Amino acid sequence: PFLLMGVLSKLLSFSDENVPYKELFMGFSVAVYSFNTYLEIRQLRAIKLKKPPVELQANITEENYKKAQAYAIDSWWYRLVHTTYSLGESLALLSLNGLPYFWKLSGKALDAILSKTGFTTSNPEVWQTIVFVVSLSTVQAIINLPWSAYKTFVIEAKHGFNKSTVKLFITDFFKQIALMGVLMPPIVGPFTRILQVASPMLPLYLWGFFLGLSLIFMTIYPVLIAPLFNKFDPLPEGSLKTKIEALAQRLDFPLRRLYKVDGSKRSGHSNAYMYGFFKNKRIVLYDTLINQCSEDEVVAVLAHELGHAKLGHTKLMFAMGHSVSLVQFCLFTLIRNSAQLYNSFGFGPAAAGVAEQYYRPVFVSFILFQMLSAPVDEVVQFLSHVVSRRFEFQADGFAVKQGAAKELEAALLLLEKENKGMSNVDPWYSAYHYSHPPLVERIRAIRDAAKKML
């Protein structure tokens, strides 16, 4: 404890007067982009291999492999161009002091709104922050719209996945904008107020706020938000429902509802997930999954998913994520009041057009901290992927113990085919980017586990 107190004391007394925060972030962004591009080049070499891995050559036809290659190459070029553009956009925004500019515009917009409506506020910074976040998010969504449209109507359509129409695509976009307008103010406002009344307990206040927010969204998303975009129907009575309920009962899984969602409304990709707290669990199956797999294969996929629940993976990942958040909030307190942090990114007295007390908006300090903590985020993401891949192997093993090895292997191979997944993956690329193990590794592990059961 004394050592930790000494370290924190030195950190708190550290003078950052000449630290070029913005330049450091920009340099790190270029470094990450360069590293990711190197990994992408390695992955492209793997994609262009003429045959799938030896273990899968008997399961993947030449025609299907070429289709998967074509989809992977098109997706590769899209990622490369998109990430290059995103880097250029980010560097331009920072070089031109775009954030202070948006902050000033938000202040002018708030003044105009207040003058026209006749309303007054004793805390204009909170309201200006809401305007700032909502407007910046809206602009970003509009900028990303052409990219999303190209991926949907060009790449996904070319390879037979897109089922969406232009009307549905536009409707979804406006629904997302409306949700931002409804959900962001009650999140940003209280968060800003917590930052304003900062105390030594600030990290715990922020952590508690985000913990409560996570639990709320886990509750309302599947009930109120997801139905805005898809139709959820109870899974019809029949043999599939009977088999799933029998599996849940055998595993003592408190299944209360089984739903089928019209995923095919937008895409040919398939999925399944579960949600709910305590004794009120629900499972959702995409209609594409039901249409692509046999009933026993669907049950095998759910045995894998139930394995995550029975092995405590969901709870562990949730706890790990919020533990990391608490550490990040503690680190945030070290620089939240740094004048150099604001000055480096263009805030401060030079940002004319706002009252003097708002040269340093508290919410902006958190945004800047998130940018500067990007190196930590990269490490955390890498480690979370390592843990996630381990959990996937364990969930596969759990399904094998339920006697579903053959069906799970068949389902994974079929879904790889239907989703045009690339079976050849560069080991560095997958280690850094994949939350799930490559197919060949999963198949190998399933077969090994099945042999041990004999």
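The calculated pair-distance distribution of the stretch 76-227 uses every alpha carbon pair, bins of 5 angstrom beginning at 0, and gives 1, 7, 12, 14, 16, 16, 16, 10, 5, 2, 1, 0 percent.
Evaluate E = 1/(1 + (r/R0)^6) for His82 and Lys451, where r is the Cβ-Cβ distance and R0 equals 30 Å; express this FRET efficiency to the nearest 0.05. Before the final figure, lay out each step's value.
Values: r = 43 Å, r/R0 = 1.43.
With a Förster radius of 30 Å, E is 0.10.
Taking every alpha-carbon pair within the stretch 125-180, the share separated by more than 14 Å comes to 62 percent.
For the stretch 187-231, count all C-alpha to C-alpha pairs, find those more than 13 Å apart, and express that count as a whole percent of the total. List each step's numbers first, then the result.
Values: 615 of 990 pairs.
Cα-Cα pairs in the stretch 187-231 separated by more than 13 Å: 62 percent.
Take every Cα-Cα pair in the stretch 373-454 and report what % of them are more than 14 Å apart. For the stretch 373-454, the share of Cα pairs beyond 14 Å comes to 66 percent. Under conditions of 10 °C and 1.306 mPa s, the stretch 15-67 yields 109 µm² s⁻¹ as its translational diffusion coefficient, taking Rh as the Kirkwood radius over Cα pairs in the Stokes-Einstein equation. Full extension of the chain between Glu295 and Phe174 yields a length gain of 39.9 nm, computed as 0.36 nm times the residue separation minus the alpha carbon distance.
Across the chain, the mean sequence separation of Cα contacts (distance under 8 Å, 6 or more residues apart), normalised by length, yields a relative contact order of 22 percent. Note that the chain shows a convex hull volume over its alpha carbon atoms of 181 Å³ per residue. Surface composition of the chain: carbon and sulfur make up 64 percent of the accessible area, probe 1.4 Å.
Counting Lys and Arg as +1 and Asp and Glu as -1 over every other residue whose Cβ lies under 14 Å from the Cβ of Gly263, the net charge comes to -1.
In this label model, Thr121 and Glu55 are separated by 5.7 nm, measuring between points 7 Å along each Cα→Cβ vector.
Around the Cα centre of the stretch 355-452, unit charges on the Cβ atoms of Lys, Arg, Asp and Glu (plus for the first two, minus for the last two) sum to a dipole of about 460 debye.
Keeping all protein chains in place, calculate the accessible area per residue for the chain (probe 1.4 angstrom), answer in Å².
On the way: 24450 Å² over 454 residues.
I get 54 Å² per residue for this part.
Projecting the alpha carbon convex hull of the stretch 160-309 along each direction and taking the average yields 11.4 nm².
Reported to the nearest whole Å, the Cα centre-to-centre distance from the stretch 115-139 to the stretch 203-236 is 26. Working value for the stretch 20-106: equivalent-ellipsoid semi-axes of 40, 14, 8 Å, each the square root of 5 times a Cα gyration tensor eigenvalue, largest first. If you model the stretch 288-442 as an ellipsoid using its alpha carbon gyration tensor, with each semi-axis the square root of five times an eigenvalue, the axes come out at 46, 17, 14 Å, biggest first.
When nucleic acids and ligands are ignored and a 1.4 Å probe is applied, Glu418 ends up with an accessible area of around 60 Å².
Largest first and in whole Å, the equivalent-ellipsoid semi-axes of the stretch 55-129 read 52, 17, 10, each the square root of five times a Cα gyration tensor eigenvalue. For the stretch 209-267, place one equal point scatterer on every Cα, skip the solvent, and apply the Debye formula. What is log10 of I(q)/I(0) at q = 0.19, 0.21, 0.22, 0.26 Å⁻¹? Evaluating at q = 0.19, 0.21, 0.22, 0.26 Å⁻¹ gives log10 I(q)/I(0) of -0.88, -0.95, -0.97, -1.02.
The values are calculated or read from the model by the stated rules, or taken from the named source; none is laboratory data. This one's a predicted model, so the numbers in the text were calculated from it and none came from an experiment. Methodologically, a virtual Cβ is constructed for each residue, glycine included, from the backbone with ideal geometry; neighbour enumeration extends over all protein chains shown. When the accessible area is computed, the model is the full protein with side chains, heavy atoms only, and any ligands, DNA or RNA have been set aside. Shrake-Rupley method; radii C 1.70, N 1.55, O 1.52, S 1.80 Å.
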